[in-house]
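In what follows, a single structure is set out as structure tokens and then discussed.
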Amino acid sequence: MFARFLTLLGTPVVSFFTYVGEVVVLASETFASIVAQKIRWRLFLHQIVEIGLRSQLVVMITGAFTGAVFAAQTFFQFNKLGMGSAVGAVVSVSVCRELGPVLTALMVTGRVGASMSAEIGTMKVTEQIDALRALAVHPIDYLVVPRTLAMMLSMPLLVAECIGIGIAAGYFVAIFLLDVNGTYYVANMVRWTQMRDIIMGLSKAFCFALLIVFISCHKGLTSREGAVGVGKATTEAVVDSSLAVLIFNFFLTMALNVIFPAGYQ
């Protein structure tokens, strides 16, 4: 009975660490290819369009309504204490540190991560990846490297865009809809929003980009035969990437607050 219990307990643990190891190996092979092999710039630019340009509308809407609703909810509570003008500082810091990076990463996961996994998974089950190997083309160089570079470049820009639009939307709601004093709103926002807040948001964006692209590409490369396997790989890519973003966000928050303590300029 005890041996059976250990088997039931150990199987998921072994599977988890095996999965993490496979993702780490994929990441190491990708970075090695970036350094050692020639970058396919045409594929890279194509992925920039797919990941960055075509994700802008989703990110803009997410940032605008997140900043707007957060400003409104903060005002409704702070106004009871006579601190309505402090809404700007709370909205700005929160959007820079947490809401902007996390929500952008989740939206990009749903849009881009699923697409990556489905596209690579379809190539896997239709033996197109085997055809690449037959033509002496390494799948990592051809499929993963352009997506990784494009995600590393696009994600911080998308997060910066989400942050800017979220702060602007919060300002609009607070000033024009809730009658907050604009001078004090901006003064508090500028006073309490520091460079460390922006650095934290962009650092998280870069880390989230790596999580999304490697998990999604790994799911596509390891998908099983048939349409069911591709669908399952796509679903797992979105779920695993979303959970990884939320889990790593906590550890990144704790680490970045140590690296960039209060008062960092």
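Overview of values
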read-out: Residue ID - modelled with the highest pLDDT, chosen from residues in the range 223-235 that are surrounded by fewer than 18 Cβ atoms within 10 Å (Cβ to Cβ) and under 18 Å from T109 (Cβ atoms); value: T235
read-out: Filter pass, G63 being in contact with a Leu (Cβ under 8 Å, 6 or more places away or on another chain), in a helix (DSSP H, G or I), closer than 17 Å to K204 by Cβ and in contact (Cβ under 8 Å) with a residue 12 or more places away in the chain; value: yes
read-out: Where a residue in the range 198-224 is in contact (Cβ under 8 Å) with a residue 60 or more places away in the chain and its partner, wherever it lies, is part of a loop (DSSP other than H, G, I, E, B), with Cβ under 8 Å and at least six apart; value: I199/F260; M200/F260
read-out: Residue in the range 45-52 that is in contact with a Pro (Cβ under 6 Å, 6 or more places away or on another chain) and crowded, with 17+ Cβ neighbours inside 10 Å present; value: yes
read-out: Residues of the range 131-154 satisfying the condition of being closer than 17 Å to V35 by Cβ and β-branched (V, I, T); value: I140, V144, V145, T148
read-out: Selection within the range 125-158 - charged (D, E, K, R), farther than 12 Å from R40 by Cα and assigned to a helix (DSSP H, G or I); value: D130, R133
read-out: Close pairs (7 angstrom Cβ cut-off, 6 or more residues apart or separate chains): farther than 18 Å from V213 by Cα in the range 34-52, surrounded by 10 or more Cβ atoms within 10 Å (Cβ to Cβ) and of a type outside the set (A, V, I, L, M) anywhere; value: Q37/D141
read-out: Conditions (1) part of a helix (DSSP H, G or I); (2) of a type in the set (A, V, I, L, M, F, W, C); (3) touching a residue at least 24 places away in the same chain (Cβ under 8 Å); (4) farther than 23 Å from V24 by Cα; number of the one not met by V180; value: (1)
read-out: Hey, A244 under 16 Å from the mean Cα position of the chain (by Cα), without any contact (Cβ under 8 Å) to a residue 60 or more places away in the chain, closer than 27 Å to T18 by Cα and crowded, with 18+ Cβ neighbours inside 10 Å or not; value: yes
read-out: Hits in the range 154-174 (condition: surrounded by fewer than 24 Cβ atoms within 10 Å (Cβ to Cβ) and either within 21 Å of T74 (Cβ to Cβ) or touching a Lys or Arg at 6+ places or on another chain (Cβ under 9 Å) (or both)); value: G164, I165, I167, A168, A169, Y171, F172, V173
read-out: Residue within the range 86-94 that is closer than 13 Å to A205 by Cβ, at pLDDT 90 or above and assigned to a helix (DSSP H, G or I) present; value: no
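A quick yes/no check of all residues on (1) buried (at least 22 other Cβ atoms within 10 Å of the Cβ); (2) within 19 Å of the chain's Cα centre (by Cα):
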| position | (1), (2) |
| --- | --- |
| L132 | no, no |
| L178 | no, no |
| Y184 | no, no |
| I198 | no, yes |
| G201 | yes, yes |
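The values are calculated or read from the model by the stated rules, or taken from the named source; none is laboratory data. Every value quoted in this text rests on a predicted model; they were computed, and no experiment measured them. Don't worry about glycine lacking a Cβ; one is built from the backbone with ideal geometry, like all the others, and counts go over all protein chains shown.
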